[in-house]
Each structure stands twice: as C-alpha cells, then as structure tokens.
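Have a look at the structure below, then the notes.
The values are calculated or read from the model by the stated rules, or taken from the named source; none is laboratory data. Note that this is a predicted model, so its numbers are computed, not measured. Counting neighbours? That spans all protein chains shown, and the Cβs are built from the backbone with ideal geometry, glycine included. For accessibility, only protein heavy atoms count, side chains too; no ligands or nucleic acids. Shrake-Rupley method; radii C 1.70, N 1.55, O 1.52, S 1.80 Å.
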Amino acid sequence: MDRRDFIKGAAAAAVTVGTSDLASAAEHISSLDEDETKPLLASAPMLQNFAETSVGVAFAVNGLANGYVLVSERPDLDDARKFVCGGCRMADIDDRVIQVRITGLKPATKYWYRIGADRIHYGGGYDMKVIGNEEDPRTYTFTTAGKDLKGSFCVINDTHVRWNTIRAELDKIEALAPSCVIWNGDASNTEEELENLVSIYLDHPLDRKDYAACTPYLFCPGNHDFRGRANRHLERVWMYRQPEERSPRDWDLGRNFAVRLGDIALVGLDTAEDKLDTNPIFAGLFKSEEYRRAQTAWLKDALQQKEIASAPFLVAFCHIPLFDSDPTHNPGDVYPADYDPQYTEDYAYWQRTCGRMWGPLLHDAGCQVVITAHMHHYRYDAPEKGRCWGQVVGGGPHMKPEDYPTVIEGTVKGNKLHITVHNILTGKVQDAFEFKRR
Ligand SMILES: [Fe+2]
Ligand SMILES: [Fe+2]
C-alpha cells in the first residue's frame, strides 16, 4: 500500500470508528509526515500560463507542504517578494503539487526566482506546525509576455507520454530557445491518477528536469487531456489563471490565453472532446458544446483587446483542426453518436462547430495562421477565398516516417511572420512559411 492510500485508509477508518480513535488515526497521519525521509522538493519548477503581468509556478513535493516562490528583478533576490501558494482566503497545503500564481508583474520584464516549501505537520484542525523548510538552491529566471518582448514561440503536440519523442522535442526547444512554448494538447492518454499527471508535467523521468523552469508554457488541451478521472481536474497540476485575471463570465475558461509576444498576438482555444456530448460512451459527463460557445464569447472580446487588436500578427492555437477539405473526414458534429458511414472514423478529424464559430472571427481579425494538432500527421492548409488564415497541423507522437513529431517555431523577422516546421525524426526543416502583417 502506498503512503497516500494508507492515509486515505486511516482517514476512512477514523470516520467509521468512534471519536476516541480519531486521535490515534491522526497520530498515524502525522508520524508518516514527520518520518518522511525523501527531500520535500520533488521537482524543478514549471512556468505555466505566462501572461503580461502574471505567471504560474508549479512544482511537485514529497510531503505535506506550503510552498512559495521568491521573485525579484535582481539576480541576487535581495529585495525578493514572497508569493505563497493558495488564494487570499488562506495559504494552501498539499502533499504532491504546489501551485503559486505570481501577479502584479511588469510586462516584458525579466525576473529571477527561487522556490521553497515549509514542511507542515498536520495533526488536526488545531494542531498544525511548520516542521522543516527546503529551498531549491538554484535561481531561475522568467520573462513576462508583452509587446516589447521580441522573441519566438515553439509548439509541441500529441506527445501522448512518449518519452523518447518528448526528449527529442525538448532537445530541439532547448536549441531554439523560444520565449514560450505552446503545448497543443494530447499530452496525456487516459489518466486516472493524479500521480500520472505529476509525472507528465512536473516530475518526469527525463534528464531535462528543468525543461519548463525558465521557459514558460501555455496549454491548449486535447481531447485526451479530458479523459480519465485525474484529467477531469487537470487544474490540480496545470493551474488556471487567477480569478481576478478573468471576467466572471469566463470563470471556467482558466486556460484560454490572449497574450502579446512582441509583434505577435497569441490566442489559445480549447476544442475539447473529439466526440459529441450525446455519444453514449460519455454518459452525459461532458459539456463541450457549452464550453465552446463560452469560448466564442471570450474570443470576440479577446480579439478586441487593445494589445491583441494592435498586433501586426495574430496566431491562434487549438488542438483539433478547424478546417479539413477531405470529405471522408468526420467533422465532429454527427448526432447523436458520431457515426456516419460516409466518414472513415466515428470521432472528429476536425471540429466544424468550432470552425464555424471561431473561423470567421479569426478571419475578420486578419489572423494569419491557426496552429492545430490531433491528426498525428503533419500537413499545411493554405489560406483560400473566405479564409485568410492558413492552418498548420502538427505531427504525431512516434519517431516514424509516417507520423513523425514536429516542433513548430514562430518568429518575426523584418516585416514578416516566419513559421518553421522542424521534423524531429530527420532533424531537418520540413516546411517554412512567411506571412505579411495584417
Ligand atoms: Fe493525439
Ligand atoms: Fe487529439
């Protein structure tokens, strides 16, 4: 039995036995915390959901802890501000994942930071003590988004917990040194346990433990990132933006982003499941339709934000393609169960519903390119009449010629947006495109 199962068992036992036994159950719990011999800090930090004035820092721990981040514009952290995990109501404690949202930052500004955690003894509601402290000796850096941050972005997608693929992609990202990375969905498969999510994002088995410690990540979930009970609460590992960073209407849209990276506006959308809410295998437990409509309202407003509307280049990201010219490809709107003999598969190859809602908005805004994923096969759909945006579909999870992985790089050179598709199997540039200012 692992430690967490034991604790769960002890807590359950405390409920089923008499009050006099509560104390002994609590003793079991606290002795486990105090006897913990592993280092408290279990991973390097991961920068999540970076924005102009805020960024998230997440890291794994090996025991009950209250984590924090020290942040400064000075490398020596002499005047560092301390941000503690949790909201303003109370500081949080967790025995596996610490999430700290750093707010009140300046746009396009470099910061230095360190992470630490207090080990907490929890003997009950009236018996909490700090029994230790650990700080990561390393000082890390991040730079906030903003129109003055001239840099590049990289996109990875459909990694599906294929470590060899992820290793090769991270090596490429290290060489390209982008200002941020968009993980464009299907990072997972079907994840039932929180520990699986910790392993995918924070405490993974690769050598490059600090892959996201100085390079911020943005996330557009894929259909697989909704599957399994752990993924239904992905925010326990991949944090949302703070409530005050969103309007009440957009309460559930914690990961959609609209940020400036120099001359480029980056807009992130979530196409959700690739099967209909009415498909009987889902038992009515998904609300993708409602979720997509909510994002349509958000997108309309996001595109009109001054910083987004004024950017010379607009790039949108979402997992499932918004366009497909192949008539045999299921468009994801075949009620009630996705099946129609005219299509080769009974799940969405592309998202016609999202394409109809978001495509015209992106067209009217002069979006140059939408970067998508999901098909496990790289392709490019050039703009055409009535659709000014081109669509790049990122590659697959296997180091094989038919579904080779890609790292898609975007940067501005001169007056043009350059999109370069790196083939991770061959190590060569697969494709390259230039787009004019809108
Ligand atoms: Fe996938
Ligand atoms: Fe997918």
### Query
When the Kirkwood hydrodynamic radius is evaluated over all pairs of different C-alpha atoms of the stretch 94-183, what value in angstrom, to one decimal, is obtained?
16.8 Å
### Message
Taking the solvent-accessible surface of protein heavy atoms with a 1.4 Å probe, what is the per residue accessible area of the chain in Å²?
### Response
43 Å²
### Message
Please state the shape class of the stretch 35-181: rounded when a/c is under 1.5, otherwise prolate if a/b exceeds b/c and oblate if not, all from the C-alpha gyration tensor.
### Response
oblate
#### Entry: Förster-model FRET efficiency, 51 Å R0, Gln342 and Tyr122, C-beta, rounded to 0.05
0.30
## Note on the structure
Sorting Gly284, Ser199, Pro401 by the position of each Cα along the dipole of the chain (Lys, Arg +1; Asp, Glu -1; all at Cβ), the one nearest the positive end of that ordering is Pro401
### Task
Name the residues whose placed amide hydrogens come within less than 5 Å of the amide hydrogen of Ile182, ignoring near sequence neighbours (fewer than 5 apart) on the same chain.
Cys154, Val155, Ile156, Leu218
### Message
Please compute the modelled spin-label separation between Ala382 and Thr278, points set 7 Å along Cα→Cβ, answer in nm with one decimal.
### Response
3.9 nm
### Query
What nm value, rounded to one decimal, do you get for the distance between Glu307 and Arg208 when each label is placed 7 Å out toward the C-beta?
2.7 nm
#### Entry: Per-residue HN-Hα couplings for the stretch 340-350 [Karplus 6.51, -1.76, 1.60; θ = phi - 60°; Hz; x = Gly/Pro]
7, x, 6, 10, 6, 9, 9, 8, 5, 7, 8
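Which percent of the accessible area of the chain is formed by carbon and sulfur heavy atoms (probe 1.4 angstrom)?
Percent of accessible area from carbon and sulfur atoms in the chain: 51.
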#### Entry: Linear extension gain, Glu434 paired with Thr296, 0.36 nm per residue minus alpha-carbon span
46.9 nm
### Query
Where nothing but the Cβ of Lys and Arg (+1) and of Asp and Glu (-1) is charged, how large is the charge dipole of the stretch 279-438 around its Cα centre, in debye to the nearest 20?
800 debye
### Expected 222 nm ellipticity per residue - DSSP helices of 4 or more, -39500 (n - 2.57), all of the chain, to 500
-6000 deg cm²/dmol
### Query
Where does each of Glu191, Glu290 land when they are ordered by accessible area, with a 1.4 Å probe and the largest first?
Glu290, Glu191
### Query
What is the sum of charges around Asp171, taking Lys and Arg as +1, Asp and Glu as -1, for the other residues whose C-beta is under 13 Å from the C-beta of Asp171?
0
### Summary
Sorted by accessible surface (1.4 Å probe, heavy atoms of the protein chains only), largest first, Ser310, Ser199, Ser325 come out as Ser325, Ser310, Ser199
### Query
Å³ per residue of the Cα convex hull, for the chain?
157 Å³
### Task
Of the options Gly116, Tyr68, Ala51, report the single residue whose Cα projects farthest towards the positive end of the charge dipole of the stretch 28-126 (beta-carbon charges: Lys, Arg +1; Asp, Glu -1).
Ala51
### Task
With all protein chains present, calculate the accessible area of Asp431 using a 1.4 Å probe and round the result to the nearest 10 Å².
50 Å²
